[in-house]
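Visitor: Pasting a structure below so you can have a look.
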There are 2 protein chains.
Amino acid sequence: MVSKEMYELGAKSSVIREIFEFGKKRAAEIGKENVYDFSLGNPSVPAPEKVNETIRKLTLEMEPCALHGYTSAVGDNETRQAIADDLNRRFGTSFSMNNFYMTAGAAASLCITFRALAEKDDEIIIFAPYFPEYQVFISASGAKPVEVKCKEDDLQIDLEAFKNAINEHTKAVVLNSPNNPSGVVTSEETVKAMTDILREKQKEYGKSIFLVSDEPYRELVYGDIKVPFLTKYYDNTIVCYSYSKSLSLPGDRIGYILVPNEVESFELIFKSVCGAGRSLGYVCAPSLMQFVIKECTGMTSDISVYKKNRDILVNAFTEYGFTLAKPDGAFYLFMKSPEESATAFCEKAKKYDLLLVPSDSFGFPGYVRLSYCVSTEMIERSLPSFKKLAEEYNLI
Amino acid sequence: MVSKEMYELGAKSSVIREIFEFGKKRAAEIGKENVYDFSLGNPSVPAPEKVNETIRKLTLEMEPCALHGYTSAVGDNETRQAIADDLNRRFGTSFSMNNFYMTAGAAASLCITFRALAEKDDEIIIFAPYFPEYQVFISASGAKPVEVKCKEDDLQIDLEAFKNAINEHTKAVVLNSPNNPSGVVTSEETVKAMTDILREKQKEYGKSIFLVSDEPYRELVYGDIKVPFLTKYYDNTIVCYSYSKSLSLPGDRIGYILVPNEVESFELIFKSVCGAGRSLGYVCAPSLMQFVIKECTGMTSDISVYKKNRDILVNAFTEYGFTLAKPDGAFYLFMKSPEESATAFCEKAKKYDLLLVPSDSFGFPGYVRLSYCVSTEMIERSLPSFKKLAEEYNLI
């Protein structure tokens with residue numbers, strides 16, 4: 001009676017959602033302040049005040065039919081040029097508005113890009129650990145997701161495994177750095193080596209292989225870490241961006257797809273992106289938010305809070321004897337489970353009202369993800385519980 | 001290198017866009033006030049002031065991380081309940097929030113619904129004249145669009161042809177009333193007869209056939225015309241709604257899918273809608289606009305302007321001898337071309353700087369569409385040109 005596949009997608013309860021529901025139930029029992037929920041990856045610092053100021057200004061000054069009307073399918077020209085100018089200033093690139101297709105956020109950017117590229121029998125490589133919806137979005141495009149596991153020691157790309165995974169069916173590779181769920185930033189050394197491999201394989205198979213850079217966490221890095229801007233390392237790079245994390249606007253559904261001129265057959269690719277947007281019902285990203293982005297692109301929320309949270313947790317976890325992936329970006333820590341089953345570890349953590357996400361659904365068992373986009377005060381209150389958990393495993 | 005289908009969709013230039021571009025060029029030559037552009041279906045009356053007031057209030061009063069954060073995938077509960085309450089009050093229905101899935105507008109509502117329902121070999125019936133993207137959206141879902149032409153005399157559903165088009169593969173029927181492009185409202189008599197046929201065919205084939213009501217123009221009717229609320233006539237009705245037209249918010253991408261409890265296997269259908277939303281990257285409709293809808297659902301822009309425009313044009317066209325479909329709703333007039341080729345008629349109209357859309361892309365040749373969501377003053381200035389056009393055809 002319905003699409004079996006869609007029903008199953010809709011009926012499957014997500015692990016993260018189950019943990020979240022457990023947290024709500026537990027909070028009702030023992031008080032919200034005694035439940036330490038590290039399960040959800042939602043920004044906890046507000047959008048810059050300029051966002052709300054701009055929204056109010058636009059509602060007062062802009063002609064309502066223009067403010068709330070359709071922009072062209074690819075997006076407002078001035079917004080697209082503002083984004084180009086900002087990136088050019090920050091990264092020394094030379095984009096123009098014609099390289100941008102505005103979208104309703106990261107999921108839209110990825111779905112449209114995969115749909116634009118995917119032909120019959122295509123494969124798209126993703127690196128584990130990965131954002132679980134990659135599997136859903138790639139499958140929906142008609143391509144086959146192919147997993148390559150990162151190295152256990154530093155969670156950087158396993159270059160040998162990557163090389164072996166590429167074949168004549170490989171259409172694209174998705175890189176998500178800073179990474180959800182690991183918080184790891186792919187090093188410049190790794191980027192150079194992986195793009196060398198891509199160039200070599202393009203030559204070997206006589207075809208384009210696209211690097212899809214899913215980078216909603218681009219601006220969320222701490223200390224002197226730099227995130228390599230991938231279009232400068234590899235011509236066939238398509239950037240999928242969202243303002244969800246950098247401006248704390250996940251609900252407003254605003255982002256873009258960037259197709260640089262250097263991409264092989266730029267016209268063909270850009271038109272296919274337009275076609276895929278049309279096919280998926282996405283023409284015209286939310287207009288009010290496009291006009292906000294025109295004023296606010298390049299700004300970030302106050303990410304110093306995330307750095308503070310990260311530092312407190314990293315210091316405490318190191319003291320308690322937990323093992324962490326190098327926590328340079330996004331707002332996630334990826335902690336090695338002290339026992340083989342991450343699910344069992346999460347169950348033990350629950351006894352201390354610590355809500356963590358086992359890494360199995362990220363395609364990389366044996367770890368847990370902590371989202372530290374929570375209040376610093378909650379983090380501080382949670383530390384004695386983490387200490388007790390470490391003691392239970394004799395880590396201290 | 002890319003999906004051929006997506007490239008073709010992106011590369012194909014739309015007839016309406018070409019006319020629009022011609023109008024811009026012509027305006028540069030002879031002045032904007034001398035070009036009479038009736039090609040675009042964008043609301044010309046502003047959103048109710050309450051919309052902008054609510055937006056400003058929310059940015060001042062609501063916690064920013066909640067205002068700009070994700071709602072649940074199906075949408076904000078209070079918004080969904082507000083919509084249920086409003087419909088129940090107006091139509092005597094008994095919906096609750098659990099019947100609603102919030103979406104990013106009409107295109108999203110349709111794409112998600114088709115994707116949720118479509119199984120291999122399914123057919124979905126559409127009535128010509130139709131919104132051209134139906135073909136795109138239905139094909140993208142994997143189903144096959146099947147056209148049934150309306151009757152030439154009144155553009156109501158041809159019940160005999162409809163009956164004959166239904167077979168064991170028919171999964172759904174799309175009804176768009178008030179209609180784009182014709183402005184015709186499907187009469188209660190026709191609704192009763194078509195739903196009788198659907199019930200009979202459900203029995204004959206032992207399966208559910210869904211009525212997908214695409215009703216963004218529901219509130220845009222003039223005089224004492226009533227639009228039958230379809231869930232009251234047929235249990236297996238799924239409503240796809242958008243606030244684009246009623247609140248003049250096309251750019252804000254906000255609408256919903258309504259699955260009543262009476263729909264066969266409600267749980268199955270609703271979960272499939274959730275799954276399809278996930279698969280297409282649509283979870284969580286724009287949140288700020290969801291909160292606006294909570295306050296503004298049930299309101300409309302000042303549609304008296306559209307009525308005034310319609311009346312001026314209908315009176316003039318009748319006087320000039322043009323033939324029109326019964327113009328009860330939306331903001332479109334559907335005029336019979338005085339010569340066989342509507343394209344040739346539109347070319348002649350262009351000589352008088354009247355920009356009309358030939359009906360071929362709506363699946364119903366021999367007519368032109370006029371969008372009267374334009375300024376009344378422009379309509380008044382355009383009348384002498386229409387008169388000359390009529391004279392050229394010896395209609396007067």
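Visitor: Given charges of +1 on the Cβ of Lys and Arg and -1 on the Cβ of Asp and Glu, with all other atoms neutral, how large is the dipole of the stretch A:69-296 about its Cα centre, in debye to the nearest 20?
Guide: In total the dipole reaches around 480 debye.
Visitor: By how many degrees, between 0 and 90 and to the nearest 10, does the Cα long axis of helix A:15-30 differ from the longest principal axis of chain A?
Guide: 40 degrees
Visitor: Let me ask something else. Once both axes come from the Cα atoms, what is the angle between helix B:77-91 and the longest principal axis of chain B, in degrees from 0 to 90, rounded to 10?
Guide: Approximately 60 degrees, to the nearest 10.
Visitor: Calculate log10 I(q)/I(0) of the stretch A:4-132 for q = 0.10 Å⁻¹, where I(q) comes from the Debye formula with a single equal point scatterer on each Cα and nothing for solvent.
Guide: With one equal scatterer per Cα and no solvent, log10 I(q)/I(0) is -0.65.
Visitor: Would you compute the Debye intensity of the stretch B:136-268 from its alpha-carbon atoms alone, equal scatterers and no solvent, and pass along log10 I(q)/I(0) at q = 0.09, 0.13, 0.15, 0.16 Å⁻¹ to two decimals?
Guide: Listed by q, the Debye log ratios stand at -0.27, -0.58, -0.78, -0.90.
Visitor: Using the per-residue mean of other Cβ atoms lying within 10 Å as a proxy for protection, in what order, highest first, do the peptides A:235-243, B:336-344 fall?
Guide: Details: A:235-243: 24.1, B:336-344: 15.8.
Those peptides, ordered most packed to least, come out A:235-243, B:336-344.
Visitor: Further question on the same structure: Where a Cα-Cα gap under 19 Å defines reach, which lysines qualify for A:Lys12, not counting those fewer than 8 residues away within the same chain?
Guide: A:Lys4, B:Lys271
Visitor: Helix-only estimate, please: 222 nm mean residue ellipticity of the protein assembly as shown, summing -39500 (n - 2.57) across DSSP H runs of length 4 or more and dividing by its residues, to the nearest 500. Provide the component values of the computation, followed by the final result.
Guide: On the way: 28 runs with 340 residues, N = 792.
That comes out to -13500 deg cm²/dmol.
Visitor: So, R0 is 30 Å and r is the distance between the beta-carbons of A:Ile312 and A:Ser14; what FRET efficiency does that work out to, to 0.05?
Guide: Values: r = 28 Å, r/R0 = 0.93.
Plugging the Cβ-Cβ distance into 1/(1 + (r/R0)^6) gives 0.60.
Visitor: Between the stretch B:185-212 and the stretch A:133-167, what is the separation of their alpha carbon centroids in Å?
Guide: The two parts, judged by their Cα centres, are 48 Å apart.
Visitor: On a 0 to 90° scale, report how tilted helix A:266-279 is relative to the longest principal axis of chain A, with both axes built from alpha carbons and the result rounded to the nearest 10.
Guide: On a 0 to 90 degree scale, this one is about 70.
Visitor: With the label 7 angstrom out along Cα to Cβ, how close does A:Tyr352 come to the same site in each of the other copies, in nm, nearest first?
Guide: 8.2
Visitor: Rounded to the nearest 0.05, what FRET efficiency is calculated for B:Glu391 and B:Asp153 with R0 set to 25 Å and r the Cβ-Cβ distance?
Guide: Values: r = 26 Å, r/R0 = 1.05.
So the FRET efficiency works out to roughly 0.40.
Visitor: Another question, if that's okay. Using Cβ counts within 10 Å as a stand-in for footprinting exposure, how do A:Ser361, A:Ser287, B:Ser94 rank, fewest first?
Guide: Details: A:Ser361 18, A:Ser287 25, B:Ser94 12.
The order, fewest Cβ neighbours first, is B:Ser94, A:Ser361, A:Ser287.
Visitor: Can you compute the equivalent ellipsoid semi-axes for the stretch B:107-214, i.e. the square root of 5 times each eigenvalue of the Cα gyration tensor, sorted largest first and rounded to whole Å?
Guide: Working: eigenvalues 80, 63, 25 Å².
Equivalent-ellipsoid dimensions as semi-axes: 20, 18, 11 Å.
Visitor: Moving to a separate point now. At a Förster distance of 30 Å, what's the computed FRET efficiency of B:Ala193 paired with B:Asn98, Cβ-Cβ distance as r, to 0.05? Before the final figure, lay out the partial values.
Guide: Details: r = 32 Å, r/R0 = 1.05.
With R0 = 30 Å, the Cβ-Cβ based efficiency is 0.40.
Visitor: Please compute, for peptide B:284-290, the average count of beta-carbon atoms on other protein chains lying within 10 Å of each residue's beta-carbon. Please report the intermediate quantities before stating the final value.
Guide: Values: counts 7, 4, 10, 5, 8, 7, 1.
Counting other chains' Cβ atoms within 10 Å and averaging over B:284-290 gives 6.
Visitor: Can you give me the P(r) profile for chain A? Cα pairs, bins 10 angstrom wide beginning at 0, each as a whole percent.
Guide: 5, 22, 31, 26, 13, 3, 0
Visitor: Additional query: Mark the label point 7 Å from the Cα of A:Lys120 along Cα→Cβ and return the residues of the stretch A:195-212 whose backbone N is within less than 12 Å of it.
Guide: none
Visitor: Something else now. Could you list B:Leu280, A:Leu155 in order of exposure, starting from the residue whose Cβ has the fewest other Cβ atoms within 10 Å?
Guide: Result, fewest neighbours first: A:Leu155, B:Leu280.
Visitor: Principal axis extents for the protein assembly as shown, Cα atoms only, whole Å, descending order, please.
Guide: Each principal axis gives a Cα extent; for the protein assembly as shown these are 95, 54, 51 Å.
Visitor: For chain B, with only Lys/Arg (+1) and Asp/Glu (-1) charged at the beta-carbon, what is the dipole magnitude about the Cα centre, in debye rounded to 20?
Guide: On the way: 45 positive and 55 negative charges, 100 e Å.
So the magnitude is around 480 debye.
Visitor: Same structure, new question: Among DSSP beta bridges lying fully in chain A, give the percent that are antiparallel, nearest 5.
Guide: Numbers: 17 of 37 bridges.
If we restrict to bridges inside chain A, about 45 percent are antiparallel.
Visitor: Dipole of the protein assembly as shown, Cα-centred, from +1 at each Lys and Arg C-beta and -1 at each Asp and Glu C-beta, to the nearest 20 debye? Present the calculation step by step, with values, prior to reporting the outcome.
Guide: Working: 90 positive and 110 negative charges, 72 e Å.
Result for the protein assembly as shown is approximately 340 debye, rounded to the nearest 20.
Visitor: Something else: Of B:Val283, A:Phe291, A:Thr186, which is farthest towards the positive pole of the protein assembly as shown's charge dipole, taken about the Cα centre with +1 and -1 on the beta-carbons of Lys, Arg and Asp, Glu respectively?
Guide: Of the candidates, A:Phe291 comes out farthest on the positive side.
Visitor: Which distance in nm do the two modelled labels at A:Lys232 and A:Ser375 give, with both placed 7 Å along the Cα-to-Cβ direction?
Guide: Placing both labels 7 Å beyond Cα along the Cβ direction yields 4.0 nm.
Visitor: If you don't mind, there's one more thing I want to ask. Going down the list A:Lys201/A:Lys245; B:Lys32/B:Lys350; B:Lys50/B:Lys245; A:Lys149/A:Lys348; B:Lys120/B:Lys171; A:Lys57/A:Lys294, which pairs span over 22 Å between their C-alpha atoms?
Guide: Values: A:Lys201/A:Lys245 34 Å; B:Lys32/B:Lys350 14 Å; B:Lys50/B:Lys245 16 Å; A:Lys149/A:Lys348 27 Å; B:Lys120/B:Lys171 10 Å; A:Lys57/A:Lys294 13 Å.
Distance filter (> 22 Å) returns A:Lys201/A:Lys245; A:Lys149/A:Lys348.
Visitor: While we're looking at this one, here's another question. Out of all DSSP beta bridges with both ends in the stretch A:69-296, state the antiparallel percent to the nearest 5. Numbers along the way, then the final one.
Guide: Values: 8 of 26 bridges.
Expressed as a percentage, antiparallel bridges in the stretch A:69-296 total about 30.
Visitor: Using a cut-off of 15 Å between alpha-carbon atoms, which aspartates and glutamates can reach B:Lys307, once sequence neighbours fewer than 8 places away in the same chain are excluded?
Guide: B:Glu219, B:Asp224, B:Asp328, B:Glu377, B:Glu380
Visitor: Another question, then. Using a 10 Å cut-off on Cβ to Cβ distances, tally the other chain neighbours for every residue of B:267-277 and report the average as a whole number. Mind dumping the intermediate values first?
Guide: Numbers: counts 3, 5, 4, 4, 8, 11, 4, 6, 12, 8, 4.
For peptide B:267-277, the averaged partner shielding equals 6.
Visitor: For the stretch A:69-296, what Kirkwood radius comes out of the mean inverse Cα-Cα distance, in Å? The partial results should precede the final answer.
Guide: Details: mean 1/r = 0.0568 Å⁻¹.
In the stretch A:69-296 this quantity evaluates to 17.6 Å.
Visitor: On alpha carbon coordinates alone, what is the Rg over Rh value for the stretch B:272-396, Rh being the Kirkwood radius? Intermediate results must be reported in sequence, preceding the final value.
Guide: Values: Rg = 19.4 Å, Rh = 17.0 Å.
Computed over Cα atoms, the ratio is 1.14.
Visitor: Let me ask something else about it. Within 10 Å of each residue's Cβ, count the other Cβ atoms and sort B:Val185, B:Val374 from fewest upward.
Guide: Values: B:Val185 26, B:Val374 21.
Final ranking by Cβ density, sparse to dense: B:Val374, B:Val185.
Quick note: the coordinates plus some simple rules give every number you see, no bench work behind them. The structure displayed is predicted, hence computed values, not measured ones. No Cβ is skipped: glycine too gets one built from the backbone with ideal geometry, and neighbour counts run over all protein chains shown.
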